[in-house]
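The structure appears right after this line, and notes come after that.
The values are calculated or read from the model by the stated rules, or taken from the named source; none is laboratory data. The shown structure was predicted, so the numbers you read here are calculated from the model rather than taken from an experiment. All Cβ positions, even for glycine, are placed from backbone atoms using ideal geometry, and neighbour counts span all protein chains on display.
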Amino acid sequence: MTALVFALQDDQICVAMDTLVVSARDKMPLYFQRKFLSLPGSNLIVAGTGHAGFITGCFQYLQAHFQEATIDDLDGVVPDIFRASVRGQGGLSGLTATIYHFGYSVEEQRYVGYAYRSEHDFRSDRLRYGLGFKPVVPVTPTNDIHFPDFLIELVLEQQRQDNLLPITERVGIGGEIEFVVMSDRLINVETVHRFSSYEAESIYIEQRTEA
């Protein structure tokens, strides 16, 4: 799975995600991967949490067929696409998946967000403005928020809390933190942090590949 933190405002969206993918079987590192898709022609960011294979397949399909579609266009069609994809794969092997769309709504003339969750049969759920994160961790209220530092601290806390769990219950958070800013109809992506666990994860992935 993954760490996801976002700050959704009508004039700007900030998103931070880690890059580590772990095995569903043993929860150990498999590889590093960007967990969101940037579609500048659509003013859209697509992010995913959960079943890595399903999310990658959705990214590839959207990139191949919906390069210029707006977030408004996609909201009407992607629930059926995601359901068909799950049926084609014969299910999600007991896992869950959520696809998030963040983008500029031409209809509303502002930024909006949607979540499509497998637990809800990929029904379109409009995201509220404000802060969102998965997995959930405590947040200290503050009016002094600076991006990307605030989101980095949240993801670091997500990793810390995740590491306290038994390994079978962990999400698996690590690699690097990639940060996206959407504003003024532009998208900027950068890597803003490397976890202290990165080197150990890299060595394990290399050894796993050679085994």
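Results, tabulated for the structure shown:
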quantity: Residue within the stretch 119-137 that is in a helix (DSSP H, G or I), surrounded by fewer than 13 Cβ atoms within 10 Å (Cβ to Cβ) and over 14 Å from the mean Cα position of the chain (by Cα) present; calculated: yes
quantity: Test for E153: is it acidic (D, E), surrounded by fewer than 19 Cβ atoms within 10 Å (Cβ to Cβ) and under 22 Å from S196 (Cβ atoms); calculated: yes
quantity: Filtered residue count, the stretch 121-144, keeping only those that are out of contact with any helix residue (DSSP H, G or I) (no Cβ under 8 Å at 6 or more places or on another chain) and in contact (Cβ under 8 Å) with a residue 60 or more places away in the chain; calculated: 7
quantity: Exclusive hit being without any contact (Cβ under 8 Å) to a residue 40 or more places away in the chain and either part of a strand (DSSP E or B) or over 22 Å from Q207 (Cβ atoms) (or both), set G48, G41; calculated: G41
quantity: Qualifying residues in the stretch 9-41 (those that are modelled with pLDDT of 90 or more, more than 14 Å from the chain's Cα centre (by Cα) and hydrophobic (A, V, I, L, M, F, W, C)) - the one nearest to F66 (Cα to Cα); calculated: L39
quantity: Among (1) in a strand (DSSP E or B); (2) touching a His at 6+ places or on another chain (Cβ under 9 Å); (3) more than 21 Å from M182 (Cα to Cα) - the single one Y31 does not satisfy; calculated: (2)
quantity: Number of the exception - F66 against (1) at pLDDT below 95; (2) out of contact with any Asp or Glu (no Cβ under 8 Å at 6 or more places or on another chain); (3) not β-branched (V, I, T); calculated: (2)
quantity: Given (1) among the charged types (D, E, K, R); (2) without any contact (Cβ under 8 Å) to a residue 12 or more places away in the chain; (3) not in a helix (DSSP H, G or I), index of the condition E107 fails; calculated: (2)
quantity: Unmet requirement for P79, which otherwise passes all of (1) touching a residue at least 24 places away in the same chain (Cβ under 8 Å); (2) surrounded by 14 or more Cβ atoms within 10 Å (Cβ to Cβ); (3) of a type outside the set (G, A, S); (4) not in a helix (DSSP H, G or I); calculated: (4)
quantity: Qualifying positions in the stretch 105-127 - touching a Leu at 6+ places or on another chain (Cβ under 8 Å) and more than 29 Å from L165 (Cα to Cα); calculated: Y111, V112, G113, Y114
